[in-house]
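Reading through the C-alpha cells given below for one structure.
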Amino acid sequence: MIELASAQEKVLRAVQQAAPVTVALNDAYGLVLAENIVSQEEVPHFANSAVDGFAVRAQDVVSVPATLRVVDEIAAGGVPHVAVGAGETSRIMTGAPMPSGADAVVMVEDSTEGKTPGEVVLSASVQVGQAVRPRGDDVRVDDVVFHVGDVLHSAAVGVLASINAPHVSVVPRLRVAVLSTGDELVDDGSPLALGQIRESNRTMLMGLVTQAGCTAVDYGIVRDNEQALEETLRRAASECDAIVTSGGVSMGAYDVVKALLGRIAHMTWMQIAIKPAKPFAFGMLDAPRGSEAQRQVPIFGLPGNPVSSLVSFELLARPALRKMMGHAALHRPSLLAVADADFLRKTDGKIHFQRVIAKSNSDGRIHVAPVSQQGSHQLAASALANAVAVLPNGDGVLQGGEVRILLLSDLVEGA
Ligand code: AMP
Ligand code: MG
C-alpha cells in the first residue's frame, strides 16, 4: 500500500495546467484568469444618487425643515435638464446623474410635499457628498481589478461586465469523459436479471465532474472486454482532456481497466492506504488530435463500489482536474469539527474517511455526526453527507472530541 499523500503527489506531478484560451464572459464563470484585467473604464461612469430623494445644495438644508422649489425630475437613465440653484432642488432617483449645482441628496423618506405646488419640505440636513456616489469610486481607469490566477466567481464576472470586458483569457474548462465498466451494469430501465445492477457511478461522477467546474461528457457503459474498452478510451482521449472510469481496477479476474491500461497507457496501479477506495489506477494515454502535437490525456481509474468511487474522485481526481484548470487551491477545505458521536475505528495502517453530516452549531462551531451506513456499496446513506471525517490510523475520536473533516459541499446548514 502507498500513502495517500504520495499517491496525490504522483498524480498532481503528472498533470499540467491547460493552455489559455479566450472565452466570452458568459462562459467564464468559475474559470481561472490567465491575464491581469486592467480597467479601461470608470465605475460608476458619472456621479449619481445613491437613493431616491432630492438633490440639493447642502447649505440650503443646514436649518430644517427647509422648503425648496422642485425644478426637475431625474430618472435612472435620464439626464438633468437644469442646474440646481439656491433654494432649489431636483427630484432624483437611485442611479440617476447628479445635476450640476447640487452636492448632496436628501432621501425621499425625509421629505413631505410643500403647501404650494412645486415645493417640497425637507426635514433632514445632509453633509456635502451625502448619498452621492462619485464618479470612479468603485473602479478607476488603469486599476488592475483582477490578476492572473484569480477565480472568476459570480461577483467577479459581474465586475468584468461592469467594466465592459466581454472576452477574457482563462484556463479552459476541461472536457472530461466519464464511463463505467462492468458486465453487470444496466442503464436502460429494463427489469433486473439476477446478478445485474443499475448503473449509478457514471451519473454520480458526471455530477462530481460538473461540480469540479468541468464539462462532463458521457461515454456510457463499457462491458468487461478489453477491445471494447480500448476503442472507447481511444475515442474519449481524442475528444476530451481527461478520462474518469469506474470499476475494473481491483483484484478480480475481470478487472479489465487495469489489464488494458497496463498495456496501452503509461499507467500506475495503486493500492492506497485509505478506506474506502483502496484500489486506484492512474495514467496518461497518448492522444493525437488533428494536427496538434501529441497530447497526453490523464485517466483516473476509480474503483467500482459507489462510495469508493466518490471518495476516490474527491481525493485523487478532483485535485488533478483543478490543477489542470489553473486553480491554486486544489483540495477541499479542511477544518476541525466537534464530534457529536464516537468515531471509533480499528488500527489497520489506513486513513479512514467516514461520511458525515456537518452542521454549524449555536456554539459557533461545526459539529459532525456520521451517516447511518458506512459500507462502500451504501450510496444512499452517503448521499446525505456533506463532508468526510478524516480518521488517521489509530483508535478514532470520542464524542465531544475534535475531528478533522473535509467539506465536500458549500452547503453547510445551520442548526
Ligand atoms: P469493480 O470495481 O468493478 O470490481 O466493482 C466493485 C463493485 O462495484 C461491484 O459490486 C460492482 O457491481 C459495483 N459497481 C461497479 N461499477 C458500478 C457502477 N457503474 N454503478 C454501480 N455499481 C457499480
Ligand atoms: Mg467490475
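Can you name the residue in segment 192-228 that is touching a strand residue (DSSP E or B) at 6+ places or on another chain (Cβ under 8 Å), in a loop (DSSP other than H, G, I, E, B) and free of Cβ contacts under 8 Å to residues at least 24 places away in the same chain and, of all such residues, is farthest from A253 (Cα to Cα)?
Within segment 192-228, the match that is farthest from A253 (Cα to Cα) is L192.
So if I check each of L160, L174, L179, L152, which one is away from ligand 1 (no atom under 16 Å from the Cβ), surrounded by 12 or more Cβ atoms within 10 Å (Cβ to Cβ) and under 24 Å from L205 (Cβ atoms)?
Values: L160 fails: under 24 Å from L205 (Cβ atoms); L179 fails: away from ligand 1 (no atom under 16 Å from the Cβ); L152 fails: under 24 Å from L205 (Cβ atoms).
One residue alone meets the criteria, L174.
Please tell me if G189 is within 13 Å of ligand 1 (Cβ to nearest atom), farther than 29 Å from Y29 by Cβ and in a loop (DSSP other than H, G, I, E, B). Outline the logic, then answer.
On the way: within 13 Å of ligand 1 (Cβ to nearest atom): no; farther than 29 Å from Y29 by Cβ: yes; in a loop (DSSP other than H, G, I, E, B): yes.
Criteria not met by G189.
So if I check each of G118, G129, which one is exposed (fewer than 13 other Cβ atoms within 10 Å of the Cβ) and over 30 Å from A19 (Cβ atoms)? Reasoning before the result, please.
Details: G129 fails: exposed (fewer than 13 other Cβ atoms within 10 Å of the Cβ).
One residue alone meets the criteria, G118.
Find the residue count for segment 245-267, including only residues that are within 12 Å of ligand 2 (Cβ to nearest atom) and either of a type in the set (G, A, S) or crowded, with 24+ Cβ neighbours inside 10 Å (or both). Before you say what the answer is, go through the steps one by one.
Our first condition is that a residue be within 12 Å of ligand 2 (Cβ to nearest atom); within segment 245-267, this holds for 245-259.
Filter once more, keeping what is either of a type in the set (G, A, S) or crowded, with 24+ Cβ neighbours inside 10 Å (or both): 245-250, 252-253, 256-257, 259.
Matching residues across segment 245-267 total 11.
So, of the residues in segment 348-373 that are free of Cβ contacts under 8 Å to residues at least 60 places away in the same chain, farther than 18 Å from G401 by Cβ and touching a strand residue (DSSP E or B) at 6+ places or on another chain (Cβ under 8 Å), which turns out to be surrounded by the fewest Cβ atoms within 10 Å (Cβ to Cβ)?
If we filter segment 348-373 for residues that are free of Cβ contacts under 8 Å to residues at least 60 places away in the same chain, which is where we start, we get 354-373.
Adding the requirement that they be farther than 18 Å from G401 by Cβ leaves 355, 360, 362, 371-373.
With touching a strand residue (DSSP E or B) at 6+ places or on another chain (Cβ under 8 Å) added as a condition, the list becomes 355, 360, 371.
Details: R355: 26, S360: 14, V371: 17.
If we take residues in segment 348-373 being free of Cβ contacts under 8 Å to residues at least 60 places away in the same chain, farther than 18 Å from G401 by Cβ and touching a strand residue (DSSP E or B) at 6+ places or on another chain (Cβ under 8 Å), then S360 is surrounded by the fewest Cβ atoms within 10 Å (Cβ to Cβ).
So which residues in segment 230-259 are within 15 Å of ligand 1 (Cβ to nearest atom) and part of a strand (DSSP E or B), if there are any at all?
Keep residues of segment 230-259 that are within 15 Å of ligand 1 (Cβ to nearest atom), which gives 232, 243-259.
Answer for segment 230-259, where residues must be within 15 Å of ligand 1 (Cβ to nearest atom) and part of a strand (DSSP E or B): I243, V244, T245, S246.
Read-outs throughout are calculated quantities, based only on the coordinates presented, and are distinct from any laboratory measurement. Every value quoted in this text rests on a predicted model; they were computed, and no experiment measured them. Reconstructed Cβ throughout: ideal geometry from the backbone, glycine too, with neighbour counts over all protein chains shown.
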